[in-house]
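Quick notes on the structure that follows.
Please treat every number below as a calculation from the coordinates, not as lab data. The structure displayed is predicted, hence computed values, not measured ones. For neighbour counting, all protein chains shown are included, and Cβ atoms are generated from backbone atoms with ideal geometry for every residue, glycine included.
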Amino acid sequence: MTDIPHYSMYIDGRWCDTSRTLEVRHPATGELVATVAQGDVTTADEAVAAAKSAHESGVWRMTAPSERARILDAIADNLAARSEELTALQVYENGATVRAAGAFLVGYSIAHLKYFASQARSYAFEETGPLIEEPTLAAGVLRREPVGVCSGIVPWNFPLLLAVWKLGPALAAGNTIVLKPDDQTPLTLLELARAAHEVGLPAGVLNVVTGPGPVVGARLAEHPDVRKVAFTGSTEVGKGVMRAAADNLKKVTLELGGKGANIVCDDADLDLAVDGTLFGFLLMSGQACESGTRLLLHDSIHDEFVRRLVARASTLVVGDPMDPATDVGPLISAVQKARVEKYIALGQEAGCKIAFQGATPTVPRLADGHWVAPTILTGATNDMRVAREEIFGPVLVVIKYADDAEAVAIANDSDYGLSAGVWSTDTQRALAIARQLDSGTVWINDWHMVNAAYPFGGVKQSGLGRELGPHALDEYTEQKFVHVDMGTDHSKRAYAIVVAAAAANTA
Ligand code: NAD
């Protein structure tokens, strides 16, 4: 136990401990990875107070956007310099395969933080609008100002990345933030805080509080001094966050669950679509909100596609996530494993056939891991629970359709609307389908590719607002209109001053 690392919380630029601790265990083996300080309502309040005081002092919001960009870039560079270590930590923390952890969970985090640094440089914090001519001549100035203290509540599946999606725009826009990771995966967020601390982010601008969601998370959602809450997690908890945020009318963004429809047209490149379908539902062992978990197959290709899918799935390696040869790792916890197994049984009871179920690892070292093998259920209909509810595991349900209109109708017949995909060699046809899908993202001949320059988020019960994209900072700013009357002799001078100030784009 002595060489098990211990992590403290990060509040007001200091590492803080508590008498109670959390344990982080590796999902593949059950081994203890680290102990972590366990916060509560008091520590959440201390973190918010630190963030409020840093905001009010002006230490960050009055810093020039170009300097904020420099520090965000430096944090990203610091993460990049330790990306191997972070990748391993991510694997031990949440069971992501080392390939996925390197490319997505850590790689995207660094790239996306760099994008937010670039946003700090180019965002229009202050600009002049059209001249106002009635009733008197005036100049209009539009300012976009930081909202103040933000909180970010993050789930366990992509902890570092989803923290960056909140910290990046919040800090680029001049806010301060309190982040709360899931109890099971606090380590990479605390490493993010370390990286920020090392490059000189002022104290209180970023705080990380660890502890139970219903205690620390709930406090950060309701706290009267928090002006904006960004939440990623389940739809049910997200609704509670929105209710809590209503008390002081916080701005809210919610990234919630999904049940992505993956439509394979009769003219698709079948081998490409087979690989994409497996990637679409198996990244993070299916514990990804944007997974393609409902496979919609055209009648005419159904049998051949399932045959190729099963053949390809049987080549996948399920096992030690640190082994680069591994394709599919464990689930996060015993609770999640039981939940997924329950859904597989529910699918069978409803009449689905198990067309494929892989093997779970047999090596003794992995005996205490939370394993569910990739499972393909055929014969599903869209009214079954396995087709309507988010399973959050390596389970694919296959549904047949007769034509494009029916595929769109089935895809849209869902409470969720986060992601969807279309496989076709006819781009016009694929685009026509994409335009009709109720979904925040549609991939054509691909899956999981998220680009920081484009928005990510859901419709219906998949969420509210967008993270990433050119408007991400809008969610972290308040607009202010400044009216400068020019109906005087000084008008020309007044206008020149307004234009010059806006050109300086002062935060
Ligand atoms: P969860 O809702 O249980 O937990 C998410 C976070 O909320 C955790 O940090 C947790 O500690 C905290 N939390 C728990 N109870 C809380 C409360 N009462 N008040 C405030 N915070 C609370 O979700 P999970 O099971 O950890 O994550 C899986 C879910 O996240 C899935 O539904 C998945 O689809 C969703 N997700 C969505 C996206 C997206 O971008 N749309 C991305 C990843 C995950």
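Quick notes on this one:
- Integer Hz, Karplus 6.51/-1.76/1.60 couplings in order for the range 165-174, x for Gly and Pro: 5, 9, 4, x, x, 4, 6, 4, 7, x
- Direction-averaged projected area, Cα convex hull, the range 186-284: 9.7 nm², rounded to one decimal.
- At full extension, R243 and D383 could sit 47.5 nm farther apart than now, given 0.36 nm per residue minus the alpha carbon distance.
- Spin-label model distance (nm) - A405 vs I132, 7 Å beyond Cα toward Cβ: 5.2 nm
- Value at 222 nm in deg cm²/dmol, rounded to 500, when DSSP H runs of n ≥ 4 in the chain each add -39,500 (n - 2.57): -11000 deg cm²/dmol
- Put simply, the amide H of G13, placed in the peptide plane, has neighbours under 5 Å in G204, leaving out anything fewer than 5 places away on its chain.
- Considering all C-alpha pairs of the chain, those separated by over 43 Å amount to 21%.
- Taking amide H atoms as placed 1.01 Å from N in the peptide plane, the amide H of I263 lies under 5 Å from those of L296, G421, V422, W423, each 5 or more residues away in sequence or on another chain.
- Basic side chains Lys and Arg get +1 at the Cβ, acidic Asp and Glu get -1 at the Cβ, and with that the dipole of the range 5-141 about its Cα centre reaches some 380 debye.
- Per-peptide average of other Cβ atoms within 10 Å, ordering 188-195, 210-217 highest first: 188-195, 210-217
- 0 to 90° range, to nearest 10: angle between helix 83-94 axis and the chain longest Cα axis: 60 degrees
- Table column - 3J(HN,Hα) (Hz), the range 495-501, Karplus curve with 6.51, -1.76, 1.60, x for Gly and Pro: 5, 4, 5, 4, 5, 5, 5
- Spacing of the modelled spin labels on E349 and I497, each 7 Å from Cα toward Cβ, amounts to 7.4 nm.
- Computed on the chain, with alpha-carbon pairs under 8 angstrom and 6+ residues apart, the relative contact order is 19 percent.
- Taking the C-alpha atoms only, the angle from helix 235-245 to the longest principal axis of the chain is near 20 degrees.
- Crossing angle, helix 187-198 versus the chain [Cα axis fit, 0-90 degrees, rounded to tens]: 30 degrees
- Additional length obtainable on full extension of the chain from V482 to I444, 0.36 nm per residue less Cα span: 9.3 nm
- Amide H contacts of G292 (H built 1.01 Å from N, under 5 Å, at least 5 apart or other chain): F281
- As a rough guide to protection, the peptides 290-298, 19-27 ranked by mean Cβ packing within 10 Å, highest first, stand as 290-298, 19-27.
- Extension reserve of the S300-E341 stretch, reckoned as 0.36 nm per residue once the Cα distance is removed: 11.7 nm
- For the range 261-444, diffusion coefficient by Stokes-Einstein and Kirkwood Rh (Cα), 37 °C, 0.692 mPa s, µm²/s: 199 µm²/s
- Taking 7 Å steps out from each Cα toward its Cβ at V363 and E56 produces label points 5.6 nm apart.
- Residue ranges 259-265, 221-227 sort as 259-265, 221-227 when ordered by packing (mean number of other C-beta atoms within 10 Å per residue, highest first).
- Under the Debye formula (equal points on every Cα, no solvent term), log10 I(q)/I(0) of the range 1-143 at q = 0.10, 0.15, 0.21, 0.22 Å⁻¹: -0.56, -1.03, -1.28, -1.28
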